[in-house]
Amino acid sequence: MSDPQETMQTLAMAAAHNESVPKFYFNGFINALSNGDVVTVLTRNGQPVAVLNSSFTVAKTLSTKISEIIQDLETKTQAPILDADNVDSLIQRKDQ
């Protein structure tokens, strides 16, 4: 029986290499809430590149899974990953 995590990694890599699957690079995002969905606008250098609409359940699950990935990276590297708010705060403090 195959490991579910390994299966998901394999599927993710297959999608990443599939030319017919759209790919977006983003270095920012804007979140909004409607009465039935979470709307996320992916941005690159302040310009929108894609809009993601997701149910509350899927948005919560995505948030949890991304947090798990980052926590695993931080544990393996023994180095914290700063979020954009922390980086902005540090840059502003240094510029003053």
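Please list, or write none, the lysines whose alpha carbon is within less than 25 Å of the alpha carbon of LYS76, excluding same-chain residues fewer than 8 places away.
LYS60, LYS65
Sticking with the crude label model, points 7 Å out along Cα→Cβ, report the distance from SER34 to LYS65 in nm, one decimal please.
2.2
Once phi is turned into θ = phi - 60°, what whole-Hz ³J(HN,Hα) does the Karplus curve with 6.51, -1.76 and 1.60 give for every residue of the stretch 64-77, x standing for Gly and Pro?
Values per residue, Gly and Pro as x: 5, 5, 5, 4, 4, 5, 5, 4, 5, 4, 5, 5, 5, 8 Hz.
Can you tell me the length gained on complete extension of the stretch ALA16 to THR75, counting 0.36 nm per residue apart and subtracting the Cα distance?
Numbers: separation 59, 0.36 × 59 = 21.24 nm, distance 2.51 nm.
Going from the current span to full extension adds 18.7 nm.
Under the definition of Cα pairs under 8 Å and six or more residues apart, what whole-number percent is the relative contact order of the chain?
Values: 68 pairs, mean separation 13.0, N = 96.
Relative contact order for the chain comes out at 14 percent.
Bin width 10 Å, origin at 0, all Cα-Cα pairs of the stretch 24-95: what percent of pairs per bin?
Each 10 Å bin holds this share of Cα pairs: 17, 35, 38, 9, 0.
Bear in mind that the values in this text are calculations on the coordinates, not laboratory data. Keep in mind that this is a model prediction, so the values were computed, not measured. Glycine also receives a Cβ, built like all others from the backbone with ideal geometry; neighbour counts cover every protein chain displayed.
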